[in-house]
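For reference, the structure is listed below as C-alpha cells.
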Amino acid sequence: DIAGRGWDQQLCRPVPFDKIPQLLVDAVVLTEDEHFFSHSGIDLASIVRAIATNLKAGRYVQGASTIPQQLIRMAVLNPNKTLTRKLNEVFLALAADTIYSKRTILEAYLNRVYLGHRGPFPIMGVAEGVRHLFGKDLDELDAAECALVAATIRAPNIITSHRHPERARERRNMVLGRMFKAGKISRETYDEAIGSPVRMTKTNPVAVKAPAF
C-alpha cells in the first residue's frame, strides 16, 4: 500500500497464505510450475524441454523457471538474461527449497508476483492485483477469475481485456482446462467458467504526490 509519508515505489497488500483461495493457488501452480510440489527448486524435465524448443525455434521462445526461481529473481537478482544470473538463480532456488517449506515459498511468491501497473506504480501480489483487475477482494473470486489471475502472471501488460480481450480469454480458458484436467474444478464449474465473459475493472491511475514540484 501507499506509505503515509508519501508514495511507496509499488502497490502491494501482503496477505497470509490462509487468506489466499485454494483455487487461486491451484491455478497459479498449474500454470507457472506444474511440478512445484515434487521438484527440489528446479524442474530438470522442463529445462530440457525448453532447451529443445528454443533450439528448434532458433530463438528464445520458452522458459523453464520454477516458482522458487521466479521468486529468487524477483526478490534477490536482476532480470538480465545472462548465464551468471541464471546459474545464481538455480543455486539459490535449490537452497531456498531446502531451507523453506513449499507453503512459505508459495506465500512469498503470491505476495510479490508482478501483475501490471496502475499509473506509474507496479502492482505486486495477488491481493492488490485482484483489487486492480476486478475491484474485489480475494475471497470473492470465482473459478474464471482465479484462472485469469494465473493467466495474467505470464504477461500482465498483454493478457488484459482492456487491450487484448481475445488473448486474455484464450489464455484464461487454457488455465481452466488445466484446472479441470487436474481435478481442481468440476465439469459443471468448468463449463460455466469457460462460457463467462472476461471482465476487468477500469481503474483510474493513482495520482502522484510531488509537493516539491
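With a 1.4 Å probe and all protein chains kept in place, how do 84, 189, 98 rank by accessible area, largest first?
The most accessible residue leads, giving 98, 84, 189.
When the solvent-accessible surface of protein heavy atoms is calculated with a 1.4 angstrom probe, in what order do 107, 34 fall, highest first? Provide the component values of the computation, followed by the final result.
Numbers: 107 65, 34 125 Å².
Order by accessible area, largest first: 34, 107.
Pairs exceeding 30 Å between alpha-carbon atoms, taken from 136/184; 19/181; 81/102; 19/184; 86/136; 102/136: 86/136. By the Cα gyration tensor, the range 124-197 has an equivalent ellipsoid whose semi-axes, rounded to whole angstrom, run 19, 15, 11 from largest to smallest.
The figure for residue 19 is an accessible area of roughly 130 square angstrom, using a 1.4 Å probe on the protein chains alone. When only the Cβ of Lys, Arg, Asp and Glu is charged (+1, +1, -1, -1), the dipole of the range 162-201 relative to its Cα centre reaches about 240 debye.
The alpha-carbon positions of the range 106-157 define a convex hull whose volume is 73 Å³ per residue. Counting heavy atoms of the protein chains alone, residue 17 has an accessible area of about 30 Å² for a 1.4 Å probe.
Which trypsin sites (Lys or Arg not before Pro) from the range 134-178 combine a DSSP loop assignment with at most 16 other Cβ atoms within 10 Å? For trypsin sites (Lys or Arg not before Pro) across the range 134-178 that sit outside H, G, I, E and B with at most 16 neighbouring Cβ atoms in 10 Å, the list reads 136, 163. Solvent exposure of residue 200, expressed as accessible area, is near 30 Å², computed with a probe of 1.4 Å over the protein chains only.
The values are calculated or read from the model by the stated rules, or taken from the named source; none is laboratory data. As the structure is a prediction and not an experimental result, all values here were calculated from the model. No Cβ is skipped: glycine too gets one built from the backbone with ideal geometry, and neighbour counts run over all protein chains shown. Ligands, DNA and RNA are excluded from the accessible area calculation, which covers all protein heavy atoms including side chains. Shrake-Rupley method; radii C 1.70, N 1.55, O 1.52, S 1.80 Å.
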